[in-house]
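The structure appears below as structure tokens.
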Amino acid sequence: MPPAARRRRSGLEEEKDEEEKDEEDVAAEGEGQKGEGESQEAQIGVHVAKIVKKAKTTAKRRTKRVPWTKAMVVELRRYSKEKVPVAKISRTMKRTVGAIRAKGVQLGLPLGHRR
């Protein structure tokens with residue numbers, strides 16, 4: 001295929017290719033141990049290996065929770081008193097809307113469109 005006709009591969013396609021290679025490697029290891037006919041146990045082992053690998057990659061994406069400081073609570077109380085929209089509070093405090101609402105409920109602050 002000429003270089004001009006080649007299309008760029010997206011990151012998703014590359015990830016799929018890597019997963020297929022990993023599956024082939026795990027399957028090859030299982031074949032080396034069990035012979036030509038794969039048993040059900042070998043197939044389960046391959047499946048478990050895939051799940052463990054995905055669990056490791058998703059755990060890295062998780063963000064660390066940041067505790068609420070007294071200054072943040074004071075700031076949230078001030079925003080509530082000024083009747084600032086929750087979305088704007090969320091952006092300025094760099095927290096999710098759900099986190100802002102949960103803390104507001106915990107503190108008994110009126111937040112949201114129905115104050």
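Within the stretch 100-111, the set of residues being in contact with a helix residue (DSSP H, G or I) (Cβ under 8 Å, 6 or more places away or on another chain) and either crowded, with 16+ Cβ neighbours inside 10 Å or not in a helix (DSSP H, G or I) (or both) comprises Ile100, Arg101, Lys103, Gly104, Leu109, Pro110, Leu111.
Working carefully through the options Ala49, Ala71, find the one that is at pLDDT 95 or above and under 30 Å from the mean Cα position of the chain (by Cα).
From the options Ala49, Ala71, the qualifying one is Ala71.
In the stretch 27-46, of all residues being modelled with pLDDT of 70 or more and among the hydrophobic types (A, V, I, L, M, F, W, C), the one that is surrounded by the fewest Cβ atoms within 10 Å (Cβ to Cβ) corresponds to Ile44.
The values are calculated or read from the model by the stated rules, or taken from the named source; none is laboratory data. Note that the structure is a prediction, hence the values are computed from the model and not measured. No Cβ is skipped: glycine too gets one built from the backbone with ideal geometry, and neighbour counts run over all protein chains shown.
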